[in-house]
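Below is one structure, written out as structure tokens; the observations come after it.
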Amino acid sequence: MSSQPVDTSQPLSGVRVVEIGTFIAGPFAGQQLGDLGAEVIKIEQPGAGDPMRRWRDFGNGDLWWPSIARNKQSVTMKLSDPEVRDVFLSLVRSADILIENFRPGTIEKWGLGPDILLAENPRLVITRVSGFGQSGPRATEPGFGSVGEAMGGIRHLTGWPDRVSTRAGISLGDEIASLFATIGTLGALRHAERTGQGQVVDVAIYEAVFALMESTVAEYELAGHIRGRTGPLLPGVVPSNVYATNDQQEVLIAANSDAIYHRLIQALGIDELIEDHTLARHEARADHADHIDKLIGARTGQMSTDELLKLLVDADVPHGKIYTAADIATDEHYAARNAIIRRDVDGLGAVAMPAPTPRLSATPGRIGHVGPPLGAHTDEVLSRICGLDASALDQLRASGAI
């Protein structure tokens with residue numbers, strides 16, 4: 001519904017998104033849509049903005065904001081102020097998608113619930129991300145991504161069996177929910193294009209995490225089995241583990257089939273395993289995981305990381321060094337695929353960020369610009385889309401509404 005010229009080199013060009021969320025669970029979905037060419041108008045609180053502007057600041061400016069807010073236009077608007085209600089609804093009437101991740105009931109309290117929004121724009125896709133969803137006994141409780149990870153089941157399966165569960169080191173729950181939000185939004189958008197009918201996309205963080213939990217509940221209900229934490233092991237598959245080298249690095253080796261196992265032990269020259277034909281079959285190795293891992297670990301511990309990696313390549317054994325950010329930044333495969341994009345940001349210099357993914361062969365995603373300063377597009381967007389003149393803008397600004 002955007003009035004801007006459609007650039008057919010991007011799949012979502014001509015689609016207008018109004019993003020009114022904060023932190024990660026909604027805005028990361030907005031980033032995905034923006035990467036694919038959607039016009040993303042991000043509404044932020046005047047004077048403060050999205051807390052993500054200050055979330056990963058190591059002294060010179062936030063290092064995450066340029067990426068999570070890339071391709072977005074920043075408009076400041078106090079949505080709880082009745083004075084901007086009509087202006088906001090005017091913006092909604094021009095939009096295809098609205099993304100929000102406030103606690104359920106918040107936008108209803110502002111008089112901007114789905115019934116109001118769909119009355120203004122029946123084609124609108126309203127994507128709502130929250131900790132526990134828009135219904136159910138816990139719906140109105142606060143819920144961050146970490147809580148969704150706990151309730152969704154992934155925390156129980158993460159870590160070592162003899163220690164408390166742990167997190168993955170990134171905002172996994174929020175980002176999983178955002179990706180499901182993106183999928184649901186695109187499905188609902190397709191429906192709206194066919195029928196003219198909008199709808200609400202209800203994404204609960206815990207449900208997004210639970211969607212990754214494979215057959216865990218079926219295993220419990222039908223076999224009485226509850227999966228537990230296994231550290232780096234892949235239960236029942238041997239060898240599939242992380243092994244140390246003599247230069248204090250770690251390499252994951254995944255010899256997940258009989259043929260690969262034989263290539264691995266031959267390449268490593270572990271005579272005891274080569275000669276033990278009772279371990280030739282996958283089923284037998286599962287009962288001797290500790291013994292096999294100890295022998296492989298002893299051999300890799302005698303080698304440098306470079307030596308081990310070359311051996312594994314030559315033997316055609318699936319593997320991967322455990323990468324740090326430093327490894328990623330200097331890896332030739334990342335570089336060859338342009339998987340890291342660097343953009344200049346005032347005060348920071350070149351800021352690295354993941355390239356748009358997935359890769360589309362005909363209409364690839366791209367980064368038009370990095371996360372903008374707070375309110376950088378307020379006047380332009382409200383005049384172009386909502387028809388406000390300079391006097392109306394001045395009046396709203398004087399009252400603190402924008």
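Mind telling me which of the residues ASP346, ASP331 ends up being open to solvent by 70 Å² or more (accessible area, probe 1.4 Å) and under 29 Å from GLY61 (Cα atoms)?
On the way: ASP331 fails: open to solvent by 70 Å² or more (accessible area, probe 1.4 Å).
Every option except ASP346 fails the conditions.
Okay, residues lined up against (1) at pLDDT below 95; (2) within 22 Å of LEU212 (Cβ to Cβ); (3) among the polar types (S, T, N, Q):
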{"site": "ILE116", "(1), (2), (3)": "no, no, no"}
{"site": "PRO122", "(1), (2), (3)": "no, no, no"}
{"site": "ILE126", "(1), (2), (3)": "no, no, no"}
{"site": "GLU149", "(1), (2), (3)": "no, yes, no"}
{"site": "GLY153", "(1), (2), (3)": "no, yes, no"}
{"site": "SER165", "(1), (2), (3)": "no, yes, yes"}
{"site": "SER171", "(1), (2), (3)": "no, yes, yes"}
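Among the residues of region 255-274, write down those that are surrounded by 17 or more Cβ atoms within 10 Å (Cβ to Cβ), in contact (Cβ under 8 Å) with a residue 40 or more places away in the chain and not in a helix (DSSP H, G or I).
Within region 255-274, ALA255 is the sole residue that qualifies.
Which count do you get for residues in region 106-143 that are part of a loop (DSSP other than H, G, I, E, B), within 26 Å of THR378 (Cα to Cα) and open to solvent by 10 Å² or more (accessible area, probe 1.4 Å)? Walk me through how you get there before you give the answer.
Here is the first cut: in region 106-143, the ones part of a loop (DSSP other than H, G, I, E, B) are 110-113, 121-124, 131-143.
Narrowing further to those that are within 26 Å of THR378 (Cα to Cα): 110-113, 121-124.
Imposing the further condition that a residue be open to solvent by 10 Å² or more (accessible area, probe 1.4 Å) reduces the set to 110-111, 122-123.
Number of matching residues: 4.
Considering only residues that are open to solvent by 20 Å² or more (accessible area, probe 1.4 Å) and of a type outside the set (S, T, N, Q), look in region 93-103 and name the one that is nearest to the chain's Cα centre (by Cα).
If we take residues in region 93-103 being open to solvent by 20 Å² or more (accessible area, probe 1.4 Å) and of a type outside the set (S, T, N, Q), then PHE102 is nearest to the chain's Cα centre (by Cα).
Return the only residue of GLY152, GLY159 being of a type in the set (Gly, Ala, Ser), at positive phi and either surrounded by 15 or more Cβ atoms within 10 Å (Cβ to Cβ) or touching a residue at least 60 places away in the same chain (Cβ under 8 Å) (or both). So that I can check it myself, show each step before the final result.
On the way: GLY152 fails: at positive phi.
Step by step, each of GLY152, GLY159 is checked, and only GLY159 is of a type in the set (Gly, Ala, Ser), at positive phi and either surrounded by 15 or more Cβ atoms within 10 Å (Cβ to Cβ) or touching a residue at least 60 places away in the same chain (Cβ under 8 Å) (or both).
Among the residues of region 112-151, how many are farther than 16 Å from PHE180 by Cβ and hydroxyl-bearing (Ser, Thr, Tyr)? Give the steps one after another, and end with the answer.
Looking only at region 112-151, we keep the residues that are farther than 16 Å from PHE180 by Cβ, and these are 112-124, 135-142, 144, 146-147, 150.
If we keep only those that are hydroxyl-bearing (Ser, Thr, Tyr) too, we end up with 135, 140, 146.
The number of residues fulfilling the criteria is 3.
Checking SER9 against (1) under 28 Å from LEU393 (Cβ atoms); (2) over 21 Å from the mean Cα position of the chain (by Cα); (3) among the small types (Gly, Ala, Ser); (4) modelled with pLDDT under 95: exactly one of these is not met. Which one?
For SER9, the failing item is (1).
Which residues, counting only those in region 334-345, are without any contact (Cβ under 8 Å) to a residue 40 or more places away in the chain and under 22 Å from the mean Cα position of the chain (by Cα)? I'd like the intermediate steps shown before the answer.
Step one: of region 334-345, the residues without any contact (Cβ under 8 Å) to a residue 40 or more places away in the chain are 334-342, 344.
If the condition is that a residue be without any contact (Cβ under 8 Å) to a residue 40 or more places away in the chain and under 22 Å from the mean Cα position of the chain (by Cα), then TYR334, ALA335, ARG337, ASN338, ALA339, ILE340, ILE341, ARG342 are the ones that fit.
Count, please, the residues in region 56-89 that happen to be without any contact (Cβ under 8 Å) to a residue 12 or more places away in the chain and in contact with a strand residue (DSSP E or B) (Cβ under 9 Å, 6 or more places away or on another chain).
1
Would you be able to tell me the number of residues in region 194-234 that are part of a helix (DSSP H, G or I) and either of a type in the set (Lys, Arg) or surrounded by 13 or more Cβ atoms within 10 Å (Cβ to Cβ) (or both)?
Filtering region 194-234 for residues part of a helix (DSSP H, G or I) gives 194-195, 205-210, 216-223.
Next cut, either of a type in the set (Lys, Arg) or surrounded by 13 or more Cβ atoms within 10 Å (Cβ to Cβ) (or both) only: 194, 205-210, 216, 219.
Residues meeting the conditions: 9.
In region 358-378, which residues are open to solvent by 80 Å² or more (accessible area, probe 1.4 Å) and in contact (Cβ under 8 Å) with a residue 12 or more places away in the chain?
Once the filter is applied, which keeps residues that are open to solvent by 80 Å² or more (accessible area, probe 1.4 Å) and in contact (Cβ under 8 Å) with a residue 12 or more places away in the chain, region 358-378 yields ARG366, PRO373.
Select from region 385-402 the residues that are in contact (Cβ under 8 Å) with a residue 40 or more places away in the chain and either assigned to a loop (DSSP other than H, G, I, E, B) or open to solvent by 30 Å² or more (accessible area, probe 1.4 Å) (or both) and write down the one among them that is farthest from VAL18 (Cα to Cα). Give the steps one after another, and end with the answer.
Filtering region 385-402 down to residues in contact (Cβ under 8 Å) with a residue 40 or more places away in the chain leaves 385-388, 396, 399-402.
With the extra rule that they be either assigned to a loop (DSSP other than H, G, I, E, B) or open to solvent by 30 Å² or more (accessible area, probe 1.4 Å) (or both), the set shrinks to 385-388, 399-402.
On the way: ILE385: 12, CYS386: 13, GLY387: 17, LEU388: 18, SER399: 23, GLY400: 21, ALA401: 18, ILE402: 16 Å.
Here the residue is SER399.
Under 8 Å between Cβ atoms, at least 6 apart or on separate chains: pull out the pairs that start in region 211-226 with a residue that is over 13 Å from LEU157 (Cα atoms) and end on any residue that is of a type in the set (Lys, Arg) and surrounded by 10 or more Cβ atoms within 10 Å (Cβ to Cβ).
GLU219/ARG227
Has region 242-250 got any residue that is outside any strand (DSSP E or B), open to solvent by less than 30 Å² (accessible area, probe 1.4 Å), in contact (Cβ under 8 Å) with a residue 24 or more places away in the chain and touching a Gly at 6+ places or on another chain (Cβ under 9 Å)? Talk me through it step by step, then tell me what you get.
At the first step, the residues of region 242-250 found to be outside any strand (DSSP E or B) are 245-249.
The next check asks that each one be open to solvent by less than 30 Å² (accessible area, probe 1.4 Å); those that pass are 245.
Remaining after also requiring in contact (Cβ under 8 Å) with a residue 24 or more places away in the chain: 245.
Narrowing further to those that are touching a Gly at 6+ places or on another chain (Cβ under 9 Å): 245.
Yes: one or more hits.
If we scan region 311-322, do we find a residue that is under 21 Å from the mean Cα position of the chain (by Cα), β-branched (Val, Ile, Thr), open to solvent by 30 Å² or more (accessible area, probe 1.4 Å) and at pLDDT 95 or above?
Within region 311-322, the subset under 21 Å from the mean Cα position of the chain (by Cα) is 322.
If we keep only those that are β-branched (Val, Ile, Thr) too, we end up with 322.
When the remaining residues are screened for being open to solvent by 30 Å² or more (accessible area, probe 1.4 Å), the result is 322.
After this cut, where a residue has to be at pLDDT 95 or above as well, the list is 322.
Yes, because at least one residue in region 311-322 is under 21 Å from the mean Cα position of the chain (by Cα), β-branched (Val, Ile, Thr), open to solvent by 30 Å² or more (accessible area, probe 1.4 Å) and at pLDDT 95 or above.
May I ask you to list the residues in region 93-105 that are under 23 Å from GLN32 (Cβ atoms), part of a loop (DSSP other than H, G, I, E, B) and not charged (D, E, K, R)?
Result: SER94, ALA95, ASN101, PHE102, PRO104.
Counting only residues that are free of Cβ contacts under 8 Å to residues at least 12 places away in the same chain and among the hydrophobic types (A, V, I, L, M, F, W, C), which one in region 310-333 is farthest from MET353 (Cα to Cα)? Let's see the steps before the verdict.
Filtering region 310-333 for residues free of Cβ contacts under 8 Å to residues at least 12 places away in the same chain gives 310, 313, 323-327, 330-333.
If we keep only those that are among the hydrophobic types (A, V, I, L, M, F, W, C) as well, we get 313, 325-326.
Numbers: VAL313: 29, ALA325: 11, ALA326: 13 Å.
The selected residue is VAL313.
Test ARG167 against the criterion of being part of a loop (DSSP other than H, G, I, E, B) and out of contact with any Pro (no Cβ under 9 Å at 6 or more places or on another chain), and give yes or no.
Details: part of a loop (DSSP other than H, G, I, E, B): yes; out of contact with any Pro (no Cβ under 9 Å at 6 or more places or on another chain): yes.
So ARG167 fits the description; yes.
The values are calculated or read from the model by the stated rules, or taken from the named source; none is laboratory data. Quick caveat: nothing in here was measured; it's all calculated off a predicted structure. Cβ coordinates were reconstructed from backbone atoms using ideal geometry, including for glycine residues, and neighbour counts include every protein chain displayed. Note: accessible area is taken over every heavy atom of the protein model, side chains too, but ligands, DNA and RNA are not part of it. Shrake-Rupley method; radii C 1.70, N 1.55, O 1.52, S 1.80 Å.
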